1. Going Cα to Cα from residue 155, which lysines come in below 21 Å? Please leave out same-chain ones fewer than 8 positions away.
2. Let me check I've understood the local charge: for residue 118, count other residues with C-beta under 11 angstrom from its C-beta, Lys and Arg +1, Asp and Glu -1. What total comes out?
3. Sequence-distant or interchain residues sharing an amide H contact under 5 Å with residue 86, placed H: which?
4. How big is the Cα convex hull of region 187-240 in projection, averaged over all directions, in nm²?
5. For the chain, set up a Gaussian network in which alpha carbons nearer than 10 Å are linked by springs, and say which option among 232, 78, 213 fluctuates the most.
6. Which angle from 0 to 90°, rounded to the nearest 10, does the C-alpha axis of helix 217-227 make with the longest principal axis of the chain?
7. With Cβ to Cβ distances under 10 Å as the rule, what net charge do the other residues near residue 105 carry (K, R +1; D, E -1)?
8. Kindly express, to the nearest 10 degrees and within the range 0 to 90, the angle between helix 60-73's C-alpha long axis and the longest C-alpha principal axis of the chain.
Amino acid sequence: MADPRLSRRSDLGDRIKVSFEFFPPKSDEMEGRLWDTVTKLEPLSPHYVSVTYGAGGSTRERTARTISRILTESSLRPAAHMTCVDATRGDVDEVIRQFADMGVTRFVALRGDPAAGVGAKYRPHPDGYSNGADLVGAIRRAGDFEVSVSAYPEKHPESADFATDIDMLKRKVDNGATRAITQFFFDNDLYERYVERVRRAGIYVPIVPGVLPIHNFKQVANFSSRCGAHIPAWIAERFDGLDKDPQTHALVAAAIAAEQVHDLIERGLGEFHFYTMNRADLAYAICHMIGARPEIAVAATSAAA
Ligand code: FAD
């Protein structure tokens, strides 16, 4: 029988599943930082980790290298993000095969943003997949892969209304997506209302909350306005005056994200995807607070009791 002291997580942690998102590093220094992050988060036994893919395949090689290193040097299961931007169907199919040959079994399928940046008009490649739903179909045709897609609790900025937005999610699920990960959000009521709309549309896959611990409030505020995620005034108020005080900024950020996740747990949620920005500190602290802890720490605590 398993030694109960070796249970990896606290009682709360037993119900919690976490995943972590990374981006492919651009330099040796950033690679070192990412690897410190992977090493710190690995003992939390995430469900999987995912690696983003730059617009127009700009990070294709770096995404592949990062995934390959995760596969060979850690026990983590990586999911490869993919986009359709500026690529023919043939190019995309080749990237899918390349990832599959490396041992990848999970994908996060996205349309992607135009290479000119968020807000520029999106034009599908004339011989390419035109949106996330199309790409899901291509990945599922290539093999029996687990495919996640995006979801937007405040709707995607390009969508005319929620009905159009949720219709795209439905097409992605109809084409074989088995879960959706949300754009980050800070108002749990908005998330809950969105999930109700999604269920009313007959979509029953998990809608996993994407949680963004705020490492840099100014950057997040700037990015949020472009991707349609709303920052409530009370959050801006909490970070007010902390631009030059990184220590307090980090404590406030951890408290805000932990509060958000605890509230989602109280609403019955058990699975969370963390946008780590390749940094372990906040994600690790929040996981600790929700009971997702390394095996060894729980074993030591139990033995001492
Ligand atoms: P889709 O699901 O295809 O469409 C999103 C919405 O936009 C739909 O509701 C649809 O109705 C509407 N829409 C789509 N096309 C049009 C159009 N031509 N006209 C009008 N409305 C339209 N980006 C990256 O570059 N790399 C990544 O690795 C990456 N990872 C992400 C991970 C997650 C979990 C999320 C939430 C986003 C990620 N993104 C990434 C950002 C994403 O690429 C952008 O949000 C992009 O604008 C939309 O991609 P999508 O797959 O969500 O699009």
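Values quoted throughout were computed directly from the atomic coordinates according to the rules given, and no laboratory measurement underlies them. These figures come from a predicted structure and were not determined experimentally. So basically every Cβ, Gly included, is an ideal-geometry build from the backbone, and we count neighbours across all protein chains shown.
1. Within reach: 121, 170, 172.
2. Numbers: positive: 226; negative: 113, 158.
So the surrounding residues net to -1.
3. 125
4. 4.3
5. 232
6. On a 0 to 90 degree scale, this one is about 30.
7. Numbers: positive: 77, 106; negative: 144, 146.
Surrounding charge for residue 105 is 0.
8. The answer is roughly 40 degrees.
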